Structures are given as C-alpha cells and as structure tokens.
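Have a look at the structure below before the remarks.
The values are calculated or read from the model by the stated rules, or taken from the named source; none is laboratory data. Since the structure is predicted, the reported quantities are computational estimates derived from the model, not experimental observations. Virtual Cβ from ideal backbone geometry, glycine too; neighbours counted across all protein chains shown. Please note that ligands, DNA and RNA were not included when accessible areas were found on the heavy atoms of the full protein model with its side chains. Shrake-Rupley method; radii C 1.70, N 1.55, O 1.52, S 1.80 Å.
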Amino acid sequence: GDPKGLSHRLGRRKILFEKRKKISDYALVMGMFGIITMVIENELSSAGVYNKEDLMSTGLKTLISISTVVLLVLIVAYHMLEIQLFMIDNCADDWRIAMTWQRMMQIGMELLVCAVHPIPGRFYFLWTTKLSNHGGKIGSQWVPVDVTLSLPMFLRLYLICRVMLLHSKLFTDASSRSIGALNRINFNTRFVLKTLMTICPGTVLLVFMVSLWIIASWTLRQCERYHDEEHANLLNTMWLIAITFLSVGYGDIVPNTYCGRGIAVTTGMMGAGCTALLVAVVSRKLELTRAEKHVHNFMMDTQLTKRLKNAAANVLRETWLIYKHTKLVKRIVHSRVRTHQRKFLLAIYALRKVKMDQRKLMDNANTITDMAKTQNSVYEIVSDVNSRQDIMEERLTCLEEKLSNIQLSLELLPDMLTRCLQQHTYNTTKQATQGNLLQDDPVLTPTTAMELPGQHGSHGTFCNAGLSASNAGTGCHISSSRSCPPGPWAPPAQASSQSSHEQPCASPAPHTMNSMASNYSINGSHRLNNQVSIDSSGSIGGLGVPSLTAATRAPPLYSEGISPRTTGLFQATGTTPSFTSHNSHS
C-alpha cells in the first residue's frame with residue numbers, strides 16, 4: 001500500500017517503540033556495568049591489591065572504556081529513534097525539523113555525562129586541603145585522577161528513570177495514552193514518579209533514601225580517604241551522611257575537602273526533601289478513609305445528640321428547682337437558690353458548647369464526596385430547568401405562530417368584509433330589480449302612502465329600497481337591509497294641502513288601480529334605480545337611504561354619508577331627515 005499511509009505509520013511507530021525500549025534497557029545495563037566495574041577497580045587499588053600500573057587495573061579500566069563507548073552509541077541510537085518517532089507523529093519528511101536547540105542540548109548533556117570515566121594509565125595530581133580534624137593544618141597528597149573521573153559516573157543512574165518510564169503500564173498501554181492525550185496529560189518521568197508515590201509511597205521513599213545513603217557514603221569516602229584516616233572507614237562516612245541527612249550534625253566527624261563538603265551539603269538538601277515527603281506520606285497513611293470518616297461522623301453525631309439531650313434536661317431541671325425553692329416554699333434558702341442558679345448557668349453553657357460541637361462536626365463532614373453529591377444534585381436541577389426552559393421556548397414559539405396567524409387573519413378581514421358587503425349590495429340590487437318587474441296589469445294596493453318625486457318635480461309615493469307589489473289585495477312591501485317605517489314621511493296633516501299632482505299612498509278606487517300600477521311601474525322603477533345607486537355609492541351594503549318614519553315620530557339618525565342626489569330627492573319630497581356621521585363607510 002501507500003508507504004505514508006496511516007496503517008503503515010502506526011505499524012512503524014509500534015516497531016520503533018519496541019526498539020527504543022530495548023535500546024534503553026541495553027544503555028542502562030552498560031551504564032550499571034561501568035559503575036560497578038569502576039567501584040571494584042577503586043576498591044582494589046585503594047586496598048593495595050594492585051597498583052594503577054598493573055595489568056589488572058588497566059584491564060578493568062579498559063572494560064569501563066569499552067562499556068562507555070557502547071553506552072554512547074546506544075544513547076545516540078536512542079535519540080535517533082526519538083527523532084524518527086517525532087517525524088512519524090508529525091508527518092515530517094526532514095529529520096532536521098526535529099533538531100531543536102532543546103533537543104541538541106539534551107543530547108549533548110547526556111553524551112557528556114556518560115562519557116566521563118577513568119581512563120587506563122597512571123595519572124596523579126597534588127591535592128592540598130585544610131585538615132579540620134587535625135587542628136586546621138594544611139595537608140597535601142598525591143591523589144589519582146581516577147577519583148575525579150569516577151564520581152561523575154553515578155550520574156548515569158538517570159537511565160533508571162527512563163527505563164521506568166518506558167516499562168510503565170501507563171506508558172505502554174494504548175488506552176491509557178489515549179485517555180491522557182484527551183485530558184492533555186504528558187506521560188513523562190515526572191508523571192510516572194507521581195503515580196508511584198501515590199501507589200506505593202513508602203517503598204519509593206525507602207529505596208531512594210537507602211540508595212542515596214550508600215552512594216553518598218562511598219563518594220564521601222573517596223574524597224576524604226587520602227587526607228584523613230578516619231574517613232577511610234566506610235562506617236564513619238555512613239555515620240556522617242546519616243546525621244547530615246537527618247539535619248542533626250553532631251560535629252564529631254567533619255569533611256575536610258571541598259569535594260566532601262559539597263557531598264555533605266547535597267545530602268542535607270536531599271534529607272530535607274525526603275523528610276518532608278516522609279511526613280506527607282505518614283500523614284496520608286494516618287488519615288481516615290472515606291468509609292472510616294462516615295462511621296466516625298455518625299458516632300460523633302450520636303454522642304453529641306445524647307449530650308445535647310442531657311444538657312437540655314439539666315437546664316429544665318435547674319429551672320424547675322429554682323422555681324421550686326423560690327415560689328413553692330415557705331422559707332427561701334438563698335444559698336440553695338444560688339447553687340441551682342449556678343448549675344443552671346453551667347447547664348446553659350454546656351448546651352451551647354454541644355451545639356457548637358455539632359456545627360463544627362457538620363462543617364468537617366462536608367468532604368469532597370459530599371461536594372460531589374451536591375454538584376450532582378445541582379447538575380440535575382440545572383438540567384431540569386434547561387429542559388423546562390426548552391419546553392417553554394417551544395410553547396412561546398407556537399404562541400407566536402398562532403398570533404401571527406391571527407394578525408394575518410385580521411389583516412385579511414377588511415377585504416373579506418368588503419367582498420361580503422359588495423355581494424350583499426349586489427343581491428339587494430338584484431332583488432329590487434326583480435321586484436320592479438311586475439306582471440302584466442298588476443293590482444297594486446300599497447298600505448303605506450309615501451311620496452315619490454316625479455320625473456318633472458311632481459311628488460308621488462315611494463319606498464326606501466326595493467318595492468315588490470304582489471297582487472291587488474296586498475300592500476307595498478319594501479325589500480332592503482333596513483325596513484321602512486310604516487307611516488309616510490310627511491305628517492298626515494300636510495297630506496290634504498298637497499298640490500293636485502301629489503297622490504298619497506292610500507287605498508285607491510278600484511277603477512284607478514290599473515293606472516296607479518302603471519304609473520308606479522314606470523316612474524317608481526326609475527326612482528328606485530336612482531335610490532339603489534344612491535345606496536351603493538353613499539354607504540356600504542345599500543344603507544344610504546334613511547328610514548321613513550311615521551307622522552308622529554322623528555326621523556331616525558344615520559351615520560352614512562348622503563350624496564347630493566339623495567339630498568335633492570328629499571328636498572323634492574319636502575322632508576329633511578336627520579343624519580349623524582358616527583360611521584363612515586368606504
């Protein structure tokens with residue numbers, strides 16, 4: 001497949017991980033082999049088994065040199081694998097991208113630390129120092145160079161931390177690394193040491209302190225043995241390191257050289273740190289567990305509840321006794337009253353103290369677990385509120401939609417009403433027109449006499465909207481949105497004083513019925529059509545003509561507008577209706 005594909009890169013990454021682990025193991029083996037060989041060579045030469053010029057000494061130093069060279073090669077190979085892993089993780093093509101100045105400094109420091117070792121041969125230097133154990137006199141000794149080259153070899157022990165990191169389950173497990181990457185946790189040596197201090201703090205501290213004690217004792221002995229015979233004994237140096245580590249410092253044995261003093265100072269600082277860690281570990285071990293805390297709090301709460309009840313009972317008892325010895329006796333004994341008063345105050349103080357202890361217990365019971373429970377309950381409440389808020393928002397949205405529909409309906413209502421009123425006007429006009437189409441020679445006997453103006457200014461009888469004469473025996477029927485009043489518009493007294501061309505709407509003689517019907521059909525139809533047009537143009541739905549009233553009643557009030565044509569019509573009839581403009585229709 002693709003050499004740069006994801007599966008290929010993951011497989012390559014896994015192989016590089018395994019190689020890096022093996023190379024780190026080999027580097028630690030080589031480092032420890034060099035340290036052990038160096039210690040053996042120094043102890044044998046110091047004990048006088050052989051001199052630095054002997055072949056055995058040269059052979060041991062040669063082994064140290066060979067192990068050092070192999071160690072340097074392994075360190076370079078380790079960092080090459082680190083660069084390859086960086087290129088795979090970041091999809092880089094050039095290895096020089098990974099060579100930052102931090103990485104280059106790290107590689108240089110590791111090579112420098114691991115390269116220091118005693119070289120084969122016999123080399124000495126003159127070491128002059130002030131002997132504090134011998135009255136402060138100055139002493140000079142020829143010391144082998146191997147002393148200064150052997151002590152830095154203990155710095156190779158940093159490889160132990162690297163091996164611990166690469167062999168840790170947290171580092172090798174893919175799920176643990178994934179969880180750490182999601183939480184932005186860097187799996188390094190510091191994290192591994194923290195986990196070890198959490199899992200087994202006592203073991204870690206014990207191993208660290210014992211290792212530091214032995215290494216510091218041996219290095220101090222190497223620095224001081226050529227100037228002071230007391231430091232040639234390993235037990236004396238171990239005593240000095242122990243009292244320095246514990247920050248005691250008796251002063252019976254002190255270092256003479258600056259090398260020994262530096263080791264003593266380093267040991268003191270390490271001792272202070274280890275002491276602090278030891279105190280933290282011991283305090284953590286002495287701390288109650290979660291279950292033990294709950295049991296302890298329950299027991300303390302039970303005891304405080306009993307004490308509270310006893311204190312309250314004592315208060316009530318002393319109150320009763322004070323009342324008894326002051327109110328229910330013939331002779332008051334003041335000493336006894338003062339005794340009960342004193343006990344009463346003590347009982348009150350005890351009650352307050354128990355309440356205070358209960359409050360402190362409740363405050364101490366608020367541990368992380370209780371806070372977690374409170375957080376969970378608050379989270380549930382907030383989730384409930386959010387869900388209800390969502391429901392409320394949905395209901396408000398639905399309500400807004402309904403209001404929008406209502407608003408749209410209200411905006412369309414005027415047009416709908418206009419169409420309905422136009423349809424009503426059309427139907428009214430159609431009915432009025434059909435009412436005017438009378439049958440041949442109808443007999444019209446109107447019951448209500450109304451004066452209709454003639455075509456040439458004469459007056460006649462009329463009705464408000466559509467007139468329909470059915471037969472000879474019926475009256476005048478008015479078809480309109482409003483019915484006409486039964487009486488004529490003018491009072492009856494004026495009907496007799498009308499001119500000869502005015503004919504009241506009374507019951508005519510039989511011989512004049514045909515002429516009335518004919519005249520009404522011709523003139524009334526024309527006037528009715530004019531009146532219908534007045535209704536349609538002056539108001540909505542044919543409501544423009546005012547109602548006709550009887551002689552004894554005043555004309556009704558109307559709100560419609562009246563056209564000039566309608567005004568002329570009423571001026572011709574001699575009547576003036578009263579109008580009020582309360583409503584104006586378009």
> Within the range 35-54, is even one residue under 30 Å from residue 174 (Cβ atoms), modelled with pLDDT of 85 or more and not aliphatic (A, V, I, L, M)?
Replying inline: no
Flagged pairs (Cβ under 8 angstrom, 6 or more apart or on separate chains; first in the range 404-425, hydroxyl-bearing (Ser, Thr, Tyr); second part of a helix (DSSP H, G or I) and surrounded by 12 or more Cβ atoms within 10 Å (Cβ to Cβ)) are 425/535; 425/536
The residue that is most open to solvent (accessible area, probe 1.4 Å), considering only those in the range 50-90 that are part of a helix (DSSP H, G or I) and polar (S, T, N, Q), is 90
Subset of the range 91-122, residues farther than 23 Å from residue 34 by Cβ and open to solvent by less than 90 Å² (accessible area, probe 1.4 Å), comes to 91, 92, 94, 98, 99, 100, 103
Here the qualifying pairs (Cβ atoms under 6 Å; residues six or more apart or on different chains; first in the range 77-100 and under 21 Å from residue 21 (Cβ atoms) and of a type in the set (Ser, Thr, Tyr); second open to solvent by less than 90 Å² (accessible area, probe 1.4 Å) and part of a helix (DSSP H, G or I)) come out as 78/23
Inside the range 214-272, the number of residues satisfying the requirement of being open to solvent by 30 Å² or more (accessible area, probe 1.4 Å), of a type in the set (Val, Ile, Thr) and under 17 Å from residue 136 (Cα atoms) is 1
Within the range 1-42, of all residues that are hydroxyl-bearing (Ser, Thr, Tyr) and surrounded by 11 or more Cβ atoms within 10 Å (Cβ to Cβ), the one nearest to the chain's Cα centre (by Cα) is 24
Residues in the range 468-475: is at least one modelled with pLDDT under 90, touching a strand residue (DSSP E or B) at 6+ places or on another chain (Cβ under 8 Å) and either polar (S, T, N, Q) or open to solvent by 90 Å² or more (accessible area, probe 1.4 Å) (or both)?
yes
Within the range 43-66, is even one residue under 45 Å from the mean Cα position of the chain (by Cα), within 26 Å of residue 156 (Cβ to Cβ) and not small (Gly, Ala, Ser)? no
message: Just checking, does the range 36-49 include any residue being assigned to a helix (DSSP H, G or I) and within 19 Å of residue 161 (Cα to Cα)?
response: yes
Taking the range 174-199 and keeping residues surrounded by 13 or more Cβ atoms within 10 Å (Cβ to Cβ), more than 32 Å from the chain's Cα centre (by Cα) and more than 25 Å from residue 268 (Cβ to Cβ) leaves 192
Checked the range 123-139 for anything exposed (fewer than 12 other Cβ atoms within 10 Å of the Cβ), modelled with pLDDT of 75 or more and farther than 16 Å from residue 229 by Cβ; matches are 125, 126, 128, 138
Just one listed residue, out of 224, 229, is of a type in the set (Asp, Glu), out of contact with any Lys or Arg (no Cβ under 7 Å at 6 or more places or on another chain) and without any contact (Cβ under 8 Å) to a residue 24 or more places away in the chain, and it is 229
**Prompt:** Hey, any hits in the range 163-173 for a residue that's within 59 Å of the chain's Cα centre (by Cα), open to solvent by 30 Å² or more (accessible area, probe 1.4 Å) and under 27 Å from residue 269 (Cα atoms)?
**Reply:** yes
Among 324, 355, 343, the single one that is in contact (Cβ under 8 Å) with a residue 24 or more places away in the chain, more than 30 Å from residue 297 (Cβ to Cβ) and open to solvent by 70 Å² or more (accessible area, probe 1.4 Å) is 343
If you go through 363, 440, the only one that is modelled with pLDDT under 85, part of a loop (DSSP other than H, G, I, E, B), surrounded by fewer than 10 Cβ atoms within 10 Å (Cβ to Cβ) and not aliphatic (A, V, I, L, M) is 440
